[in-house]
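K.L.:
One structure is given below, represented as structure tokens, and several questions about it will come after.
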Amino acid sequence: MAFSGVQKVVFLVVLSMAAALSIGGAEAALTCGQVVNKLMPCVSYVQNGGTPAANCCGGIRALYGMAQTTPDRQSVCNCLKQAIAGIPYTGANAGLAAGLPGKCGVNIPYKINPSTDCKSIK
């Protein structure tokens, strides 16, 4: 499926948000494909605001539950950062993405930000 420029930006902001969800040593078991699949339902919310869809929040909670090791969390973060590299996004999109975990009842211990240092995620 091809994405428009705005959809790419929104998708990448959602992915950067997932980096913050990746919160727990061994080799990472999560793939970028899994991350994308869990977060795709959130694109509409990050693009348009409103209320996150139930499947968006379900995906965020599932991803949070899947990222149990430090390598998993860092892998999710790196995957998302690679996806957003060089893609412009608006402050509004970033703000919606940053607030998404809270809207879905997931508490993360750091700020969602595309400049997150993935190595610092434990």
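The values are calculated or read from the model by the stated rules, or taken from the named source; none is laboratory data. Not measured: the values here are computed from a predicted model. With ideal geometry, Cβ positions are generated from the backbone for all residues, glycine too; neighbour counts draw on all protein chains shown. Surface accessibility is based on the protein's heavy atoms, side chains included, excluding ligands, DNA and RNA. Shrake-Rupley method; radii C 1.70, N 1.55, O 1.52, S 1.80 Å.
K.L.:
Going by the structure shown, is A20 open to solvent by 60 Å² or more (accessible area, probe 1.4 Å), hydrophobic (A, V, I, L, M, F, W, C) and either closer than 18 Å to T116 by Cβ or modelled with pLDDT of 85 or more (or both)?
P.N.:
Considered against the rule, which asks whether it is open to solvent by 60 Å² or more (accessible area, probe 1.4 Å), hydrophobic (A, V, I, L, M, F, W, C) and either closer than 18 Å to T116 by Cβ or modelled with pLDDT of 85 or more (or both), A20 comes out as no.
K.L.:
Hey, could you check segment 28-65 for residues that are modelled with pLDDT of 90 or more and aliphatic (A, V, I, L, M) and say which is surrounded by the fewest Cβ atoms within 10 Å (Cβ to Cβ)?
P.N.:
Per the criteria, the residue is A54.
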